[in-house]
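FYI, it's all coordinate maths here, none of it is from the lab. Fair warning: this is a prediction, and the values are worked out from it, not measured in the lab.
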Amino acid sequence: QNFSFGLTTSTGYITVAGTGCNTCDGDAARYNRTASPTATDLPGWQNVALIGGSNAGGNIITESCGLKKNNGHDWTCSNQTIVVANTSDSMFSPGVSGIFGLGPNSSALSPIFRGGNFSATVFGGYLSTKPSGENFTYGMALSPNTGSSSDGGYLHLIQPDNSFFRGDIAWKTMQTFNDTSLNTDFYIELDSWTLTTSSGNISRTGSLIAAIDPLYEALIFPQQDAGSLYSSITGAYVAGYTNSTTYYTVPCDAKIKLTLTINNLAVTLDESRLVINQGGHCTGLIQMWSSSGATEYLLGSIFLSNVYVIMTLSNATSGMVGFAERVSNTTSGLSTGAIIGIAVGSAVGAILLIIIGILLFR
């Protein structure tokens with residue numbers, strides 16, 4: 001049974017649409033439990049929630065599965081915990097039949113959705129076979145959203161690929177907060193951001209709480225910041241709403257530059273990345289949370305595809321996230337040693353980029 005997955009760091013659970021899910025969206029492939037001789041049922045029910053409000057719930061199984069590498073071989077996972085969704089609210093979409101969690105299942109945030117079950121993650125399963133004290137480290141080199149469905153970038157499991165980045169790595173400690181408004185496993189501290197337009201500069205500094213997630217293309221800011229930001233762009237106005245955000249129309253000739261700073265790493269995005277032009281109608285990819293209680297930032301794939309991201313985990317609440325300058329036009333394939341190179345594709349929407357991998361259930 002083959003599935004196409006969206007990658008997310010909001011959760012550590014792998015979730016697939018089950019055959020009995022009448023509320024699963026789109027034409028997603030369905031997992032047939034009775035067709036698999038290697039599946040084992042576990043007791044209980046697990047809910048899974050993502051930052052944008054999507055959620056699903058279902059029975060829990062363990063299964064033998066494998067990720068397809070870019071050399072055609074599988075990276076196998078024995079006894080991997082899987083949530084088989086019986087209910088879903090916007091979790092799946094056409095072409096996306098599962099969610100592949102790259103988070104640690106932090107216990108400090110929404111225990112009903114995560115339960116601190118690090119052993120249920122791909123990382124926990126791998127580390128259970130290793131000596132105590134080892135970490136699981138992976139790297140992400142995401143491709144920009146170009147509208148193509150063929151190249152979403154690379155996911156390097158076990159060991160980052162040094163050929164994809166240069167310079168020092170800006171490290172941030174994974175943090176968990178019980179009083180945040182978003183469904184996600186962890187946060188980092190963003191040091192500052194500065195927006196430059198024809199009207200001048202707007203900036204914020206300090207320990208700005210930010211989530212990262214490649215499942216979402218946009219940058220999402222708190223209401224006060226996003227409102228000030230778009231007030232500085234002549235001709236910008238509210239264009240519409242998603243389930244959790246407000247998005248803006250901007251003039252197609254607007255000149256915008258946003259610089260985000262993490263430690264000593266400054267990442268600058270201009271209007272070529274921050275604005276989508278759809279037939280002469282231009283939409284900003286900096287969005288605003290609909291809830292005034294949402295005070296965190298979300299850094300989606302338009303930021304993450306401009307850096308090389310490294311995550312190292314040892315348990316549900318201990319980990320580090322590193323960001324480094326990307327090397328342009330990298331063509332590195334599968335390396336020797338412990339590197340697992342997984343080529344991923346992209347399913348592109350107006351405000352959503354989903355990074356696709358393939359999980360093979362036997």
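Full extension of the segment from SER132 to ALA35, taken as 0.36 nm per residue of separation minus the current Cα-Cα distance, would add 31.3 nm. Overall, the anisotropy analysis places region 1-140 in the rounded class: the square-rooted eigenvalues a ≥ b ≥ c of its C-alpha gyration tensor yield a/c less than 1.5.
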